[in-house]
Amino acid sequence: MRGPMADQQTGTEVDIEAIAATARAGLAAADDEAALESWRVAQLGRKGVLTSVLRQLAGLPIEERRRIGAEANALKTELEAALESRRLSLAGERLAATVAGGQVDVTLPGRTKRVGRLHPITQTLREMTDIFVSMGFAVTEGPEVETDYYNFGALLIAPDHPARDMQDTLYIDYQRDGAYPFMLRTHTSPNQVRFMEQHQPPIRVVVPGRCYRNEATDPTHEWMITQIELLAVDEGISLADLKGTLFEFAKRMFGQERKVRFRCDYFPYVEPGVDMSIDCFLCGGEGCRMCHNEGWIEIMGAGMVHPQILTNMGYDAERVTGFAAGIGAERVCLLRNGIEDIRSFYQNDLRFLEQF
Ligand code: PHE
């Protein structure tokens with residue numbers, strides 16, 4: 001029971017009800033952050049009213065101590081909660097006042113977070129990969145730092161082949177026996193060999209990844225490019241399978257109306273070798289800067305896997321044959337979007353990249 005309490009023995013008088021009334025009135029009168037703070041110090045602080053009541057308890061007889069202690073603690077809890085809700089309602093009033101005063105325009109759109117996205121080449125590469133996966137190809141990957149053996153030798157690229165020249169290849173600065181055995185792979189083709197070494201026919205596999213060349217860059221050449229390697233080895237695979245697969249890919253990627261062209265080309269690791277081009281989107285085949293006045297743009301090299309390589313892999317080249325292709329994702333993305341300069345992809349200009 002609350003009320004005035006006089007202790008006969010000590011003469012101390014602790015009137016919790018009066019303390020509570022003063023404190024509540026004081027809180028109701030406090031109308032800004034500074035007033036709230038000085039109220040808190042006076043009522044609940046280390047040297048505040050309630051603390052001193054609790055300190056005095058020690059001198060009281062046991063029953064008084066219990067009763068007043070409980071009342072004081074209850075009041076403390078009540079006042080702390082009241083302080084918090086007073087603080088919140090004052091903040092609400094302040095906000096309402098600013099809005100009413102026109103200082104805050106609540107009709108303004110919120111600030112949107114910038115959302116990231118996949119790089120256009122990653123998007124393109126995934127789309128290309130998906131097309132081949134839907135035709136039954138598996139996906140694997142290989143190292144970007146390659147050895148001379150896988151990048152060139154195992155692909156029958158002779159030691160004096162121009163692709164091995166310092167002009168084309170970025171070698172790792174590490175010498176062994178007077179040679180530089182490690183390089184950044186110049187194409188994804190080393191993975192033909194890597195995969196065949198580990199698997200037996202039938203093989204259907206694609207290998208996407210970055211490749212590096214010491215290029216003088218221009219609108220259609222970059223020093224870092226992204227390829228997807230395609231390899232199928234089985235009994236009875238012919239050039240017709242190669243053309244059918246690649247033509248189907250071109251139609252799905254570029255639309256039914258796009259024209260494709262196969263021509264003979266030379267790559268030491270295929271026989272026969274071809275390149276596949278699609279008609280230039282910019283000039284419609286008339287000839288322009290984009291297509292180097294040819295009307296066609298080469299998007300891949302391909303061919304029938306050289307029988308010598310099949311034999312080297314331990315396959316019976318009389319029984320199994322295969323086709324391989326390497327497609328550049330940058331050119332595919334250029335053509336599909338009418339982009340004029342391959343260098344745009346890696347200049348990190350968000351105005352360009354955000355369009356994808
Ligand atoms: N590796 C060749 C290139 O980078 C493309 C290719 C792949 C050609 C497979 C034939 C067979 O241009």
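The values are calculated or read from the model by the stated rules, or taken from the named source; none is laboratory data. Quick caveat: nothing in here was measured; it's all calculated off a predicted structure. Here the Cβ positions follow ideal geometry from the backbone for every residue, glycine too, while neighbour counts run over all protein chains shown. Note: accessible area is taken over every heavy atom of the protein model, side chains too, but ligands, DNA and RNA are not part of it. Shrake-Rupley method; radii C 1.70, N 1.55, O 1.52, S 1.80 Å.
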### Query
What percent of all Cα-Cα pairs in the chain falls in each 20 Å bin, counting up from 0?
22, 31, 9, 16, 18, 3
## Note on the structure
Measure of exposure for Lys243: accessible area at 1.4 Å probe, Å² rounded to 10, is 90
### Summary
Contour minus Cα-Cα span, Thr147 to Arg111, at 0.36 nm per residue, comes to 7.9 nm
### Query
Helix-derived [θ] at 222 nm for the chain: sum -39500 (n - 2.57) over DSSP H runs of at least 4, divide by residue count, nearest 500?
-12000 deg cm²/dmol
### Message
Give me the three principal axis extents of the stretch 52-128 from the C-alpha atoms, as integers in angstrom, largest value leading.
### Response
87, 42, 15
### Query
P(r) for the stretch 8-140: what percent of alpha-carbon pairs falls in each 5 Å bin, starting at zero?
2, 8, 12, 11, 9, 7, 6, 5, 5, 4, 4, 4, 5, 5, 4, 4, 3, 1, 1, 0
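Relative contact order for the stretch 120-353: what percent, with Cα pairs under 8 Å and sequence separation of 6 or more?
21
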### Task
Over the chain, give the accessible area per residue in Å² for a 1.4 Å probe, as an integer.
55
## Note on the structure
In Å, the Kirkwood hydrodynamic radius from C-alpha pairs for the stretch 175-233 sits at 13.4
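Taking R0 as 41 Å, what FRET efficiency do you get between Arg55 and Leu95 from their Cβ-Cβ distance, rounded to the nearest 0.05?
Rounded to the nearest 0.05, the efficiency is 0.55.
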### Query
If each Cα of the stretch 261-324 is one equal point scatterer, what is log10 of I(q)/I(0) from the Debye formula at q = 0.20 Å⁻¹?
-0.73
### Query
Roughly speaking, to the nearest percent, how much of the chain's 1.4 Å accessible area is carbon and sulfur?
52
### Query
Any idea how many Lys pairs in the chain come in under 29 angstrom at the alpha carbon, given 8 or more places apart or on separate chains?
4
### Task
Kindly point out which whole DSSP H helices in the chain project their C-alpha atoms 18 angstrom or further along the helix axis while averaging a Kyte-Doolittle hydropathy of -0.5 or above.
16-29, 62-100, 120-134, 239-254
